[in-house]
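Okay, so here's the structure we're looking at.
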Amino acid sequence: MECDVAVLGGGPGGYTAAIRAAQLGAKTVCIEKEEVLGGTCLRVGCIPTKAWVQTAYALKEAQETFGKLGVKVGGPELDFAASNAWKAAVVGQLTQGVAGLFKANGVEWVKGVGRFRDAHTIAVEGGDDVTFKQAIVATGSYPLRPPVPGIDSKRCVDSTGLLTQEAVPGRLAVLGGGIIGCEFASIFHRFGSQVTIIEMLPRLIPQEDDEAAGELRKQFEKRGITVHLESRCEQIAEAQSGLVVTFGGGQAVEADLMLVSTGRGPLVEGIGLEALGVRFDPKKGIGADEHRRTSVPHVYAVGDCAGYWQLAHTAFREGEVAAENACGNEAVVDNRGVPRPIYTDPEIACVGLTEQEAREQYGDDVLVGKFPFSANGRAMMQNDTVGWVKSIHEARYGELLGLVMVGPHVTDLVEAGVVALDAESTVETVADGMAAHPTLSEAIKEAGLVALGRAIHVPNKKRVGAKA
Ligand SMILES: Cc1cc2nc3c(=O)[nH]c(=O)nc-3n(C[C@H](O)[C@H](O)[C@H](O)COP(=O)(O)OP(=O)(O)OC[C@H]3O[C@@H](n4cnc5c(N)ncnc54)[C@H](O)[C@@H]3O)c2cc1C
């Protein structure tokens, strides 16, 4: 089979690239080995986990808020089977949606495992070879497993394994306090599990803003999630009552199930990149420039196999950009405004620099304003006042550098910061613009006002580093 553009992998990076290339008139083939399109994100990542997040949120609302708001529903109870059916239905709808979009746009889906045979051919297991003029590699990533004795136990599962559970474990140990580990810890605690997080580093979600990570830990501990930081997992042993997980120099916890969430590696081996001549690193993935072009000019790489973000939305944008360039247009990825959502309770969402990064880059020329959701009317009405918005800007021109948010629905609010950063807005643009009242988004404007020393709805503090 001949085509203009061949895309290896049908996840967010690959299916977006394929659709865009077809829209631009290229004869496009996408090779995907799974039974459905959508990749990790739609099958076993973003979508099913957030379907569970929604169940957890509904439980919380029923447990903590309905009564306060005057809505009587009786004692809420988790029906895990129904929740799983809901999760499967959402996944099914979205994966079928991608197949429908392929049809609508004229993308041909070749089912099977693909492997580059040479610079213009992909061999497909059990099918015809695909020859191409341009190729886009979008093979994604796979879960890593640290070499801990006993980790091969059937009770130690990765995120995909956890998503297939048909019963809520009474005791869940979570190895790794990164984003995936924290999201599942938050969900399963709400589902009724006793949850223990074991993290080697001194904080949760190590790549994120210090203060946001600290707030998450505080709220987790308040909810009753046990967090062990600076604790290396030493051994996992099977016992009659479950697993015994030893960590941090002799401490131990018993668990019925352990989630191993210690990061994901790029899927770059066994796909024939050597035959293609593309440079790659087994740990860092395929090297690609801002056009998503690899070391071989007619081959592009997008998503988890070729970058450090490991986010669906970076894969989406990279897919669009690779397709534009593969079809002769000129497009680049701009990474300044990458939103970083974390769907824990409380949610976290950041964009731009963290406060630490801002201070490292701009020294004393950094001003920060923080506005608590406890002073926001909409948050009060929703009985959800945990958290805050932190606005970070540089003092000389007022350029907005970052937004860090912890609290209700911040993963939906963060887009305002994305647009502001992409537009190189100043803090005044955000603070002096109007925010609809009463909304949670007012907290973003108000954080900007705090940073400028002109807060209205909280008392003003003297700004650190402000010029008189
Ligand atoms: C539990 C979990 C939760 C997550 N939650 C979020 C979230 O809330 N928000 C977010 O932005 N990101 C989230 N992510 C990350 C997100 O899923 C990934 O960043 C995203 O899926 C990457 O897209 P991709 O196209 O690069 O790769 P993938 O989605 O992994 O797709 C790659 C595709 O390539 C196929 N493939 C690989 N090799 C071959 C081959 N040789 N032949 C044929 N097909 C092949 C695979 O089957 C797969 O379908 C989550 C991830 C996990 C694991």
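The values are calculated or read from the model by the stated rules, or taken from the named source; none is laboratory data. None of the values given here were measured: they were computed from a predicted structure. In this analysis, Cβ positions are derived from the backbone assuming ideal geometry, glycine residues included, and neighbour counts consider all displayed protein chains.
Which members of region 1-15 meet the condition of being over 22 Å from Ser141 (Cβ atoms) and buried (at least 24 other Cβ atoms within 10 Å of the Cβ)? Show your work before the answer.
Restricting attention to region 1-15, the residues satisfying the condition of being over 22 Å from Ser141 (Cβ atoms) are 1-5.
Matches in region 1-15: Val5 only.
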Take region 62-80 and flag every residue that is among the hydrophobic types (A, V, I, L, M, F, W, C) and either exposed (fewer than 15 other Cβ atoms within 10 Å of the Cβ) or touching a helix residue (DSSP H, G or I) at 6+ places or on another chain (Cβ under 6 Å) (or both). Leu69, Val71, Val73, Leu78
I'd like the residue in region 16-61 that is buried (at least 20 other Cβ atoms within 10 Å of the Cβ), more than 10 Å from the ligand (Cβ to nearest atom) and polar (S, T, N, Q) and, out of all such residues, is farthest from the chain's Cα centre (by Cα). Thr28
With the structure loaded, tell me whether Ser295 is under 30 Å from Thr49 (Cβ atoms) and free of Cβ contacts under 8 Å to residues at least 40 places away in the same chain or whether it fails that test. no
Considering only residues that are near the ligand (Cβ under 8 Å from one of its atoms) and either farther than 30 Å from Pro206 by Cα or not in a helix (DSSP H, G or I) (or both), which ones fall in region 291-329? Val302, Trp309, Gln310, Leu311
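Of everything in region 134-186 that's on the phi > 0 side of the Ramachandran plot and within 14 Å of the ligand (Cβ to nearest atom), which residue is surrounded by the most Cβ atoms within 10 Å (Cβ to Cβ)? Before the answer, list the steps.
Looking only at region 134-186, we keep the residues that are on the phi > 0 side of the Ramachandran plot, and these are 140, 150, 176.
Now narrow it down to the ones that are within 14 Å of the ligand (Cβ to nearest atom): 140, 176.
Numbers: Gly140: 26, Gly176: 24.
Looking at the filtered set, the residue picked out is Gly140.
Of the residues in region 379-434, how many are closer than 27 Å to Glu61 by Cβ and of a type in the set (Gly, Ala, Ser)?
Of region 379-434, the ones closer than 27 Å to Glu61 by Cβ are 379-390, 403-417.
From what is left, the residues that are of a type in the set (Gly, Ala, Ser) are 379, 387, 407, 416-417.
Total satisfying the criteria: 5.
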Every residue in region 257-287 that is away from the ligand (no atom under 11 Å from the Cβ), in a loop (DSSP other than H, G, I, E, B) and either within 20 Å of Gly181 (Cβ to Cβ) or among the charged types (D, E, K, R) (or both), please. Thr262, Arg279, Lys283, Lys284
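Suppose the filter is more than 25 Å from Ala18 (Cβ to Cβ), at pLDDT 95 or above, touching a strand residue (DSSP E or B) at 6+ places or on another chain (Cβ under 6 Å) and among the small types (Gly, Ala, Ser); does Ala379 pass it? Working first, answer last.
Values: more than 25 Å from Ala18 (Cβ to Cβ): yes; at pLDDT 95 or above: yes; touching a strand residue (DSSP E or B) at 6+ places or on another chain (Cβ under 6 Å): no; among the small types (Gly, Ala, Ser): yes.
Against the criterion (more than 25 Å from Ala18 (Cβ to Cβ), at pLDDT 95 or above, touching a strand residue (DSSP E or B) at 6+ places or on another chain (Cβ under 6 Å) and among the small types (Gly, Ala, Ser)), Ala379 does not qualify.
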For region 192-220, give me the residue count where each residue is away from the ligand (no atom under 16 Å from the Cβ) and in a helix (DSSP H, G or I). 10
Without any contact (Cβ under 8 Å) to a residue 60 or more places away in the chain, more than 27 Å from Gln219 (Cα to Cα), under 27 Å from the mean Cα position of the chain (by Cα) and part of a loop (DSSP other than H, G, I, E, B) - does that describe any residue in region 436-448? no
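Name the residue, out of Val366, Val389, that is of a type in the set (Val, Ile, Thr), away from the ligand (no atom under 14 Å from the Cβ) and without any contact (Cβ under 8 Å) to a residue 60 or more places away in the chain. Break it down stepwise before answering.
Values: Val366 fails: without any contact (Cβ under 8 Å) to a residue 60 or more places away in the chain.
One residue alone meets the criteria, Val389.
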Can we say Gly45 is under 21 Å from Ala104 (Cβ atoms) and at pLDDT 95 or above? no
Test for Val148: is it in a strand (DSSP E or B) and over 20 Å from Glu2 (Cβ atoms): no
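Report yes if Gly337 is in contact (Cβ under 8 Å) with a residue 24 or more places away in the chain, surrounded by fewer than 22 Cβ atoms within 10 Å (Cβ to Cβ), in a strand (DSSP E or B) and touching a strand residue (DSSP E or B) at 6+ places or on another chain (Cβ under 7 Å), otherwise no.
Details: in contact (Cβ under 8 Å) with a residue 24 or more places away in the chain: yes; surrounded by fewer than 22 Cβ atoms within 10 Å (Cβ to Cβ): yes; in a strand (DSSP E or B): no; touching a strand residue (DSSP E or B) at 6+ places or on another chain (Cβ under 7 Å): yes.
For Gly337, the condition - in contact (Cβ under 8 Å) with a residue 24 or more places away in the chain, surrounded by fewer than 22 Cβ atoms within 10 Å (Cβ to Cβ), in a strand (DSSP E or B) and touching a strand residue (DSSP E or B) at 6+ places or on another chain (Cβ under 7 Å) - is not met.
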Kindly evaluate Val299 against the criterion of being among the β-branched types (Val, Ile, Thr), over 30 Å from Gln235 (Cα atoms), modelled with pLDDT of 95 or more and crowded, with 22+ Cβ neighbours inside 10 Å. yes
Within region 81-133, can you find the residues that are crowded, with 19+ Cβ neighbours inside 10 Å, farther than 21 Å from Arg43 by Cβ and basic (Lys, Arg)? none
